[in-house]
Every structure is written in C-alpha cells, then in structure tokens.
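Q: The structure under discussion is supplied below as structure tokens; questions concerning it will follow.
The values are calculated or read from the model by the stated rules, or taken from the named source; none is laboratory data. What you are looking at is a predicted structure, and each value in this text was computed from that prediction instead of being measured. Because the Cβ atoms are built from the backbone with ideal geometry, glycine has one as well, and the counts that use them run over all protein chains shown. To get the accessible areas, we keep the full protein, side chains included, count just its heavy atoms, and leave off ligands, DNA and RNA. Shrake-Rupley method; radii C 1.70, N 1.55, O 1.52, S 1.80 Å.
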Amino acid sequence: MLLSPAVMRQHTIRKAVSLEGVGLHSGKTVRVTLSPGAVDSGIVFRVGQHGEAIPALPDSVVDSHYATTLGRNGVRIQTIEHLMAAAAGLGIDNLTVRVDGTELPALDGSAKPFVQAMLSVGRTPQGARQRPIRIPHAIGAGSGGRWIQIVPADTFRISYTLDNEHPAIGTQVLSWTPSEESFIAEYAPARTYGFLKDVGFLRKSGRALGGSLDNTIVIAKNGTLNGLRYPDEFVRHKVLDLLGDLALLGRRIDGHVIARNAGHALNLELVLAIQRALGLEHRAAVRVVPAPLVTEPAEALVPAPGLATT
C-alpha cells in the first residue's frame, strides 16, 4: 500500500464485486471480479476460476511497453496499472483479482470505476500490520529528458514534469502529497491518452484495438477529439500510472518520487532498482513470453478512433 500512512493495519475489501468492459489493447470484452484477499497475500491475479496465481510483484512483470503486463508459465494479464492504482489510493493491501481473459477492462480509461467498485463493497481492517518501505538514499533510473528517482522523505510524495511539443499538452508540472480524498477527486478520474497519428501503427502491432473516445483522450493535430476532465489531465494520468506501477512493491513507500517524462518502462526500472537496493527480492524471475500478435481487423472491433500510449 502506498497511501494513508496513518492507517497501520492491512486492509482488504468486505465482499466480492465485478466489473465488465472492453480491454484497451485486446479489444475483447472481459469480466473481472475483485474478492477479499488473505493477510499478507498482496494483490494476486488469476485467469479464470482455477487459474494459477500471478502475484502483482516486480518479478511477475513480463512487459512494460504501453501497459504493465504480468505473466507466469505462459499466461499473461495486461493493463493492470489502473486497478493497482485504485487499490493503492484506497489503502487496500490484499486482493484477489479473477479475470475472464488476458487483459483488465479499460472502462472509462481511468481508475475511477475500480475505485467506485471497491468503495461500493467497503473495506475492512485485517489482523496484520503494514510494513512501510523507507528509502535510505537516492535511487533512480533513466537519463536526459526521461528519468525518475526517489529520495528519502518522511512521507510519500510525487513530483512530476511532463513535456510534449504538442500544443494540447505542452509542459505540465505538479507535486502531490497523496491523501485518499485527493486521490479519489483529483487523480483517479484522469484518463489515458494517445495520438491519433499513431493509431495505424499500434493496431497493426496488435495494440489499442479496444481504444475509443469512451476510454481514451485522443489527441489530433489541432487538439483533443474529446473534452478534458482537468486542464492538466495528461500529467495527472502519468501520476496515476506511476502510482499503480509503484504498488508492485506490495508495501507503502516513504519517499519523494521525482519524475520527468517517465512511462511504464521507467517506472518498472525504478521499482526494480528499489528492490535491489533494499534487498527485497524474494521470488525467482518469471520467464518473458512474447505477446501474441492479434490479427483480427481493427475495424471489426472498435467503433470509434482512439488509442493509448501511456
């Protein structure tokens, strides 16, 4: 758990809740069921009713391009970051996630629907204490115009700079000390985004097949094709993705994360660097399995243009 430092007990949800929607990259309808998790189990994914457990830990990550993907023994679960961010933002430590497919549903492109689902069933404290991660020294990854680091601090904080030459984005900067209230109101609803010019390439490579104006901010030559929820929604979504990727550590962090133009790949590099620096490795690495190429025509799967590259 990353947020709510005053809450020292582990938490889970009170009962199961399900959501259904289209996968952002697969374009296929998928149902996901969130159920209470046991103490110290963390967040665990399963494909189908009896699928093998895939823990949401750094060693389970098999792909971090365009989305964060977990895998084990050839089974993959894609686009977990918004659910992970929702759990972190609500202080939920333990959760079982059953997915009828290989990707979580995009829903509206943000973490808001996952937050609403978890709040609808409530949370419950458990009989074990949290074990926060304290950062003893600066740890970082990346260089030049794309980098990320974490430095010692008494509480968790994120400072993020997003630069893009497109006039709809420009330079967006924020610094945030998370609270549950601010997460729910100001960050969970921030949607993923992508550029219209990249649609063809992504769909030919089997990605963004489920992207649409309903789940993606689509940026065209002269601006966005749909409205914004916040003037700086782009950088807010970057922070949301970062929060979800940091949750792979499975524990709340005390430290100040500072990033510039980072994405899932750099977020994972930071997570792995923290793991190595603090000696947190405790599982064997999962073999990376190449993603299958989706060959269905995009036109048959997507009713509206859109994509996501965050």
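Q: Select, from Leu83, Leu119, the only residue that is under 15 Å from the mean Cα position of the chain (by Cα) and of a type outside the set (D, E, K, R).
A: Leu83
Q: In segment 178-232, which residues are open to solvent by 50 Å² or more (accessible area, probe 1.4 Å) and aromatic (Phe, Trp, Tyr)?
A: Listed by number, the list holds a single entry, Phe201.
Table: residues versus (1) of a type outside the set (Gly, Ala, Ser); (2) part of a helix (DSSP H, G or I); (3) surrounded by fewer than 23 Cβ atoms within 10 Å (Cβ to Cβ).
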position	(1), (2), (3)
His25	yes, no, no
Val32	yes, no, no
Arg46	yes, no, yes
His50	yes, no, yes
Asp59	yes, yes, yes
Asp108	yes, no, yes
Gly127	no, no, yes
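Q: Residue by residue through segment 8-17, note down the ones that are touching a helix residue (DSSP H, G or I) at 6+ places or on another chain (Cβ under 8 Å), assigned to a strand (DSSP E or B) and open to solvent by 10 Å² or more (accessible area, probe 1.4 Å).
A: Answer for segment 8-17, where residues must be touching a helix residue (DSSP H, G or I) at 6+ places or on another chain (Cβ under 8 Å), assigned to a strand (DSSP E or B) and open to solvent by 10 Å² or more (accessible area, probe 1.4 Å): just Val17.
Q: Of the numbered conditions (1) open to solvent by less than 50 Å² (accessible area, probe 1.4 Å); (2) over 28 Å from Leu119 (Cβ atoms); (3) of a type in the set (A, V, I, L, M), Val235 fails exactly one; give the number of that condition.
A: Failing condition for Val235: (2).
Q: Could I ask something else about it? Of the conditions (1) among the polar types (S, T, N, Q); (2) closer than 22 Å to Tyr187 by Cα; (3) assigned to a loop (DSSP other than H, G, I, E, B), Ser41 satisfies every one except a single condition; which number is it?
A: (2)
Q: Can I ask one more? Answer yes or no: is there a residue in segment 267-280 that is outside any helix (DSSP H, G or I) and at pLDDT below 95.
A: Within segment 267-280 (the criterion being outside any helix (DSSP H, G or I) and at pLDDT below 95), the answer is yes, since at least one residue qualifies.
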